[in-house]
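A short write-up of the structure that comes next.
The values are calculated or read from the model by the stated rules, or taken from the named source; none is laboratory data. Please read these numbers as outputs of a predicted model, since none were measured by experiment. No Cβ is skipped: glycine too gets one built from the backbone with ideal geometry, and neighbour counts run over all protein chains shown. To get the accessible areas, we keep the full protein, side chains included, count just its heavy atoms, and leave off ligands, DNA and RNA. Shrake-Rupley method; radii C 1.70, N 1.55, O 1.52, S 1.80 Å.
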Amino acid sequence: MGKLNVTLLRYLTREDFRVLTAVEMGMKNHEIVPGMLVASIANLRHGGVHKLLRELCKNRLLEYVRGKNYDGYRLTNAGYDYLALKSLTSRDVVASFGNQIGVGKESNIYVVGGPNGEQLCLKLHRLGRICFRKIREKRDYHKGRKQMSWIYLSRISATKEFAYMKALKNRGFPIPNPIDFNRHCVIMDLVNGYTLQNVNEVGDPAALYDKLMNLLLKFANHGVIHGDFNEFNIMIDDNQEPIIIDFPQMVSTAHPQAQYYFDRDVTCIREFFRRRFGYESELAPCFTDVVRQDALDAEVSASGMTKQMEKDLMKELGLNESDSENSDDDNDREDENNDDEEPQDILTESEGEEGEEENKKEDNFTNEKEIEELRRNVEEAVKNVEFNEHKTKATEDLKEDIDGHRSDEGCVSENDEVEDLKEFNSRFKPFRDNVPRQRQDSDRYSSYSASTTASTIAPEIVKARVKASIERKERKGQARRRLAKGEASAKTRSRRDTADNIRGSTGIWDDI
């Protein structure tokens, strides 16, 4: 939560902002966003996302957190500031960044430059500081939710303040002109003046006191109470005209504690003028002096204003009749437009022709497939017939040779019979297994395989390998401390711890 340094903003790439946005989207329903979820939301390769996440964590735009059930990432305040500034820069609202000019309990104030070189004021909402953490008691941002991140609460605070400022500026209140907002940043005009806390003397304290009390009563007549109307949130320009700032804590006059906040604001002004300027006045507005003139609190949904109260107030002031008529007219127009538009299910001629051509191509393709399959079946059948005819001829020749051989047994020696059998077997051997024999070059050297000798390994190498394997086993048996590095899974860490506990307690259980 220190001072914002925007030097790195110019060096970040489009992929970096894509990853930051993915983490922001994941934080809507995750306290810690897993890396795989970031990769899927960013729609980038997992390896590339992992590298970008490491760099962003190194620059402290993201934070890597080891959770109880899983590990993941979450945005830091600097990363959230960079996302807001990038959006405001792309809208041509902010062109340069200046110095810090103010620090509050829930915001930081900076001077920035506009697209035309004008000076603007940038307010960064910073909820969650140690000096102001009773948000549930002081604000109604949670609205019944049990847990919310400080970043999201800062975003709600900025949104409410910008809505208040727009509504008040449209009604002529002396406040800075709101220009734009994004996430937890609000851009407004820079006020040339000083806070009332830093003013020691004024020309006419009574006139300034009257102006402030009239402003306080005017706020209440429009339906809102400032809630923090003191010397820190009132600025005085060169003409000694008051300008009011800081509006997130505003509440409605229908709030249960509206009278308490109103009286507290009045007391703050009276006490300050008594201490600083020595001015005391018996005249001060009361909450009973408030006369409802407008429904500003209903317009911005101020704290303490319910939906039913909004409806009743709008009916009382007669502001909902025109709105309801306009909404009815809009609904009728939408119905007419829906009636005029009919679903078009008819294909054009070009689409129909293309469909017919595709059907023809598919038919031709299927016909060609069938023809090829028929050709393959015919060729296989012809091969089988030829093979069977060849086999029958070979068997007939074999019978004739056997009969002739038997008739000539008496006049043939044993060596001749062996030679004739070798030739005989070599002629009819291919037809025994119904597979044509193919001679391989390895057959030539098969007879010499027994005579070859295998290469031996040197004894020194064998000893070194055995020694290394023994040392490796000894190191595995030793208990060592594992340091948590990288992005190890939380489940893996728990399993390792359990295994270490079991391994360390084996000696105890063996003794029992």
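Tabulated data
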{"read-out": "Convex hull (Cα only) mean projected area of region 63-135, reported in nm² to one decimal", "value": "6.7"}
{"read-out": "K476 accessible area, 1.4 Å probe, all protein chains in place, Å² to nearest 10", "value": "150"}
{"read-out": "Sequence of D246, D189 from largest to smallest accessible area, 1.4 Å probe", "value": "D189, D246"}
{"read-out": "Heavy-atom accessible area order for R14, R276, largest first, 1.4 Å probe", "value": "R14, R276"}
{"read-out": "Exposure of F277 as accessible area (Å², to 10), given a probe of 1.4 Å and all protein chains", "value": "40"}
{"read-out": "Heavy-atom SASA rank of R495, R18, R54 (probe 1.4 Å, accessible area, largest first)", "value": "R495, R54, R18"}
{"read-out": "Kirkwood-based Rg to Rh ratio, region 25-118, C-alpha trace", "value": "1.06"}
{"read-out": "Distant-in-sequence amide H partners of R126 (H built 1.01 Å from N, under 5 Å)", "value": "S107, N108"}
{"read-out": "Accessible-area value, T159, 1.4 Å probe, nucleic acids and ligands omitted, Å²", "value": "60"}
{"read-out": "Computed Rg/Rh of region 182-221, alpha carbon atoms with Kirkwood Rh", "value": "1.11"}
{"read-out": "Among the listed pairs K28/K166; K105/K160; K28/K123; K58/K123; K86/K123, those beyond 21 Å (Cα-Cα)", "value": "K28/K166; K28/K123; K58/K123"}
{"read-out": "Net dipole in debye of region 204-272 [+1 Lys, Arg Cβ; -1 Asp, Glu Cβ; about Cα centre; nearest 20]", "value": "340"}
{"read-out": "Spin-label model distance (nm) - R129 vs R276, 7 Å beyond Cα toward Cβ", "value": "2.0"}
